[in-house]
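Q: The structure is given below, and queries will be raised subsequently.
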Amino acid sequence: QVQLVESGGGLVQAGGSLRLSCAASGSIAGIGAITWYRTAPGKQRELVASISDGRTTYADSVKGRFTISQDNDKNEAYLQMNSLKPEDTSVYYCNAAVYVVGRGINKYWGQGTQVTVSS
């Protein structure tokens, strides 16, 4: 059994910062690629940032403001969000490729954490 849990969301004023965490627990042998997505009301799911083998990718809308990182020893991933804008308001989800003990690789989703940026 594997579970991903996001945390760190909240309400912040424009220009502020938040740090999101994605913690994996269960029968984990290792973590592969991790991707942060967000879904705002009335909009399609958007890829925000990803990290794979130390290489990072960002959406143009967040490049220079957001930073994705990973701590394999703790089975955790992070999304540091600076200079937040109202348009960043969304539910943020992490998706991780998890090496499950005795099961191989599977993709898992967290339940999401709400980020609200006020103007």
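The values are calculated or read from the model by the stated rules, or taken from the named source; none is laboratory data. If you're wondering where the values come from, they're calculated on a predicted model, not measured in any experiment. Positions of Cβ are generated from backbone atoms using ideal geometry, with glycine treated the same way; all protein chains shown enter the neighbour counts. Note: accessible area is taken over every heavy atom of the protein model, side chains too, but ligands, DNA and RNA are not part of it. Shrake-Rupley method; radii C 1.70, N 1.55, O 1.52, S 1.80 Å.
Q: Restricting attention to the stretch 16-42, which residues are at pLDDT 95 or above and out of contact with any strand residue (DSSP E or B) (no Cβ under 9 Å at 6 or more places or on another chain)?
A: None - no residue of the stretch 16-42 is at pLDDT 95 or above and out of contact with any strand residue (DSSP E or B) (no Cβ under 9 Å at 6 or more places or on another chain), so the list stays empty.
Q: Here is a further query. Quick one: in the stretch 26-53, which of the residues that are open to solvent by 60 Å² or more (accessible area, probe 1.4 Å) and of a type outside the set (Lys, Arg) is nearest to the chain's Cα centre (by Cα)?
A: Per the stated criteria, the residue is 47.
Q: Name the pairs: first residue in the stretch 52-72 and farther than 15 Å from residue 88 by Cα, second residue polar (S, T, N, Q) and open to solvent by 50 Å² or more (accessible area, probe 1.4 Å), Cβ to Cβ under 6 Å, at least 6 apart or on different chains?
A: Between residues of the stretch 52-72 that are farther than 15 Å from residue 88 by Cα and residues that are polar (S, T, N, Q) and open to solvent by 50 Å² or more (accessible area, probe 1.4 Å), the close pairs are 68/56.
Q: Between residues in the stretch 76-96 that are part of a strand (DSSP E or B) and residues that are open to solvent by less than 10 Å² (accessible area, probe 1.4 Å) and acidic (Asp, Glu), which pairs lie under 9 Å by C-beta distance while being six or more apart or on different chains?
A: Filtered contacts from the stretch 76-96: 81/88.
Q: Criterion first (open to solvent by less than 50 Å² (accessible area, probe 1.4 Å) and not in a loop (DSSP other than H, G, I, E, B)) does residue 16 satisfy it?
A: Considered against the rule, which asks whether it is open to solvent by less than 50 Å² (accessible area, probe 1.4 Å) and not in a loop (DSSP other than H, G, I, E, B), residue 16 comes out as no.
Q: Here's another thing I want to ask about it. Please give the number of the condition residue 111 fails out of (1) assigned to a loop (DSSP other than H, G, I, E, B); (2) among the polar types (S, T, N, Q); (3) over 15 Å from residue 9 (Cα atoms).
A: Failing condition for residue 111: (3).
Q: Of the conditions (1) open to solvent by less than 40 Å² (accessible area, probe 1.4 Å); (2) more than 21 Å from residue 2 (Cβ to Cβ); (3) not small (Gly, Ala, Ser), residue 94 fails just one. Which one is it?
A: (2)
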